[in-house]
Amino acid sequence: MDENEIARTWAEFQYRFCFPKDMIGLLRGAQGALREHGSLQALFQAGDNPEKPLIETLSAFVTALRRYSAPIDRASDAIRLDRASDVLGSERGLEAAIRPNLLPDPAQGSACKRLFLFLRWMVRHDDVDPGGWSSVSPARLVVPMDTHMAATCVHRLGFLDRKQAATSPNLKDALQATAHFALYAPEDPVKYDFALTRPGIDPRPGDEVFGCL
């Protein structure tokens, strides 16, 4: 798809806080990764060193995707940008790069829940996660930390001693919780994520029937 096709396809899209310009920027970033590396996995591998923390690789991955999504300023593409504005109204959606809070950089300290969840989906392979990537060991994964998982780690498991983490988790909280899970399953510390998110969503007594505790 060229950029006009991407703009037309996503012109009417909205889901919660995600809007057309967000999808266009994200897909432009993915398209740049495909053009330069052949796949998202290859882009990830290009900046990876298995001897270093995964968050360093993830930071390089995000930086590259943001760079690929940056506004086009080549004169030859000016007409295409103007035509795209007709599709998206007054906003020139093709000029919007990926929003930092949509694709955060771990180097900034965010819990990066969506990114670590994406890696969980791509790296692990079982009845929950589809897999697909073969270049990353599950042992390196970080728990996707949202408020539900954080509440479970604070109130039920005692893995986090910072009470504020239950409502506003950060990267340090995600790494601390992952270190605790790694004591039980060093080869795959994220395998508990799917089951243990449930008590945080619905903390009423009775969750024991799910085998979560």
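The values are calculated or read from the model by the stated rules, or taken from the named source; none is laboratory data. All figures in this text were calculated on a predicted structure; none of them were measured in a lab. Here the Cβ is made from the backbone with ideal geometry for all residues, glycine too, and neighbour counts use every protein chain on show.
Give the residues of the stretch 113-167 that are in contact (Cβ under 8 Å) with a residue 12 or more places away in the chain and on the phi > 0 side of the Ramachandran plot, sorted by residue number. The answer is GLY132, and nothing else.
The number of residues in the stretch 122-142 being surrounded by 15 or more Cβ atoms within 10 Å (Cβ to Cβ) and closer than 21 Å to THR63 by Cα comes to 7. Under the condition of being assigned to a loop (DSSP other than H, G, I, E, B) and not acidic (Asp, Glu), the residues counted in the stretch 108-137 number 14. If only residues of the stretch 95-137 that are of a type in the set (Lys, Arg) and under 14 Å from the mean Cα position of the chain (by Cα) are counted, the one that is nearest to GLN45 (Cα to Cα) is ARG120. Taking the stated definitions as given, is GLN108 out of contact with any Lys or Arg (no Cβ under 6 Å at 6 or more places or on another chain), at pLDDT 95 or above, among the polar types (S, T, N, Q) and within 30 Å of MET149 (Cα to Cα)? Spelling it out, it is not the case that GLN108 is out of contact with any Lys or Arg (no Cβ under 6 Å at 6 or more places or on another chain), at pLDDT 95 or above, among the polar types (S, T, N, Q) and within 30 Å of MET149 (Cα to Cα). Restricting the first member to the stretch 4-22 and to residues that are exposed (fewer than 15 other Cβ atoms within 10 Å of the Cβ), and the second to residues that are of a type outside the set (A, V, I, L, M, F, W, C), the beta-carbon pairs closer than 9 Å and six or more apart or on different chains are GLU12/PRO20; PHE13/PRO20; PHE13/ASP22; GLN14/PRO20; PHE17/ASN101. Cβ-Cβ distances below 8 Å connect the following pairs, each with a first residue in the stretch 36-53 that is among the polar types (S, T, N, Q), a second residue that is in a helix (DSSP H, G or I) and surrounded by 12 or more Cβ atoms within 10 Å (Cβ to Cβ), and a separation of six or more residues or different chains: SER39/ALA33; GLN41/MET122; ASN49/GLU56; ASN49/THR57. Among the residues of the stretch 48-59, those that are surrounded by fewer than 16 Cβ atoms within 10 Å (Cβ to Cβ) and either outside any helix (DSSP H, G or I) or in the same structural domain as TRP121 (by TED's automatic domain parsing) (or both) comprise ASN49, PRO50, GLU51, LYS52, PRO53.
The single condition among (1) of a type outside the set (S, T, N, Q); (2) modelled with pLDDT of 90 or more; (3) under 20 Å from MET122 (Cα atoms) that LYS52 does not meet is (2).
Could you identify the single residue in ILE79, ILE72 that is modelled with pLDDT under 95 and farther than 18 Å from THR9 by Cβ?
ILE79
LEU34 satisfies every condition listed in (1) at pLDDT 90 or above; (2) in contact with a Leu (Cβ under 9 Å, 6 or more places away or on another chain); (3) buried (at least 18 other Cβ atoms within 10 Å of the Cβ); (4) hydrophobic (A, V, I, L, M, F, W, C) except (3). Within the stretch 138-163, the set of residues being assigned to a helix (DSSP H, G or I) and either more than 14 Å from TYR184 (Cβ to Cβ) or more than 22 Å from the chain's Cα centre (by Cα) (or both) comprises ARG140, THR147, HIS148, MET149, ALA150, ALA151, THR152, VAL154, HIS155, ARG156, LYS163. Quick one: in the stretch 168-203, which of the residues that are part of a loop (DSSP other than H, G, I, E, B), of a type outside the set (Asp, Glu) and modelled with pLDDT of 90 or more is surrounded by the fewest Cβ atoms within 10 Å (Cβ to Cβ)? Among those that are part of a loop (DSSP other than H, G, I, E, B), of a type outside the set (Asp, Glu) and modelled with pLDDT of 90 or more, it is PRO186.
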